[in-house]
Amino acid sequence: SLCTMGAGPGQPVRLAWNLQPATIAARIPFGRSRYLLTEVTRVLHPQNLSGATASGMAAWSLSMGVALEPELALAAARFSNETGDTNAALRYSRAVRAPRPLPMVLEEAAALRAGGNHEKADRCLAAARTASETASGSETPPGSEIPEEWRISLLTQRALSLARIRDRSDESLPLLDQAEQLLPEDEGANPGPGLKISLARAEILSLDG
């Protein structure tokens, strides 16, 4: 049950666990909540938070009108996508001012694809690819280059989107070919990118029977 009322003096009420956080938050005045958020963020760092905690912190921050740090927004968006909450994933991935890190754009595109918005996902990824290619062509300091794994993910996600857009499905497999060219000769202990490409190719081929 969601709510249990006991007998006796005061008629104690017990709420189901999933109602407790929202109920407690609603009882805290705005100023007090903002103060508590400030105190908590001083000692908690996004890289040390679980996905669920990062998502909770991100929601709390936005409810207080506090801008999200990119690292917190990314962790929250990733967790929301993994748990199927695409609306939350979009909210968190879009909460950071441009220019957004490429992984955040990838989370936005993943949420759009999960919601069936393949054309929007393609436009999002196409813009990100143009930006990343422009950045790669410019003089960038050492260590600031975009990792190949991110580029592979961008191409793979875009291929999956195009495969479901009428009159553009034939563009999908060539993008996977481009992604495969970015794979290292020996993937070693990191076969993830190659596996994602193979699964995407199988998914696209299955659409054509």
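Considering every residue within segment 81-92, establish whether at least one is in a loop (DSSP other than H, G, I, E, B), modelled with pLDDT of 75 or more and open to solvent by less than 70 Å² (accessible area, probe 1.4 Å). Reasoning before the result, please.
Within segment 81-92, the first condition is being in a loop (DSSP other than H, G, I, E, B), and the residues that meet it are 83-85.
Then keep just the ones that are modelled with pLDDT of 75 or more; that gives 83-85.
Still in the running and open to solvent by less than 70 Å² (accessible area, probe 1.4 Å): 84.
Yes, there is a match, as at least one residue in segment 81-92 is in a loop (DSSP other than H, G, I, E, B), modelled with pLDDT of 75 or more and open to solvent by less than 70 Å² (accessible area, probe 1.4 Å).
Are any residues in segment 158-175 surrounded by fewer than 12 Cβ atoms within 10 Å (Cβ to Cβ) and outside any helix (DSSP H, G or I), and if so, which ones?
Residues satisfying the conditions are Arg166, Asp167.
Note down all Cβ pairs under 6 Å where the first residue falls in segment 184-209 and is under 30 Å from Asp167 (Cβ atoms), the second is surrounded by fewer than 15 Cβ atoms within 10 Å (Cβ to Cβ) and not hydrophobic (A, V, I, L, M, F, W, C), and they're at least six residues apart or on different chains.
Gly194/Glu187
Give me the residue from segment 59-80 that is more than 17 Å from Leu106 (Cβ to Cβ) and in a helix (DSSP H, G or I) and, out of that set, nearest to the chain's Cα centre (by Cα).
Among residues in segment 59-80 that are more than 17 Å from Leu106 (Cβ to Cβ) and in a helix (DSSP H, G or I), the one nearest to the chain's Cα centre (by Cα) is Ala59.
Test Ile152 against the stated conditions and say whether it is at pLDDT 80 or above, more than 18 Å from Leu102 (Cα to Cα) and either in a helix (DSSP H, G or I) or open to solvent by less than 80 Å² (accessible area, probe 1.4 Å) (or both).
On the way: at pLDDT 80 or above: yes; more than 18 Å from Leu102 (Cα to Cα): no; either in a helix (DSSP H, G or I) or open to solvent by less than 80 Å² (accessible area, probe 1.4 Å) (or both): yes.
The answer is no for Ile152.
Residues checked against (1) open to solvent by 60 Å² or more (accessible area, probe 1.4 Å); (2) modelled with pLDDT under 70:
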residue	(1), (2)
Thr140	no, yes
Thr156	no, no
Asp177	yes, no
Asn190	yes, no
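The values are calculated or read from the model by the stated rules, or taken from the named source; none is laboratory data. None of the values given here were measured: they were computed from a predicted structure. We place every Cβ from the backbone using ideal geometry, glycine too, and count neighbours over all the protein chains shown. Just so you know, the surface numbers come from the protein's heavy atoms only, side chains and all, with ligands and any DNA or RNA stripped out. Shrake-Rupley method; radii C 1.70, N 1.55, O 1.52, S 1.80 Å.
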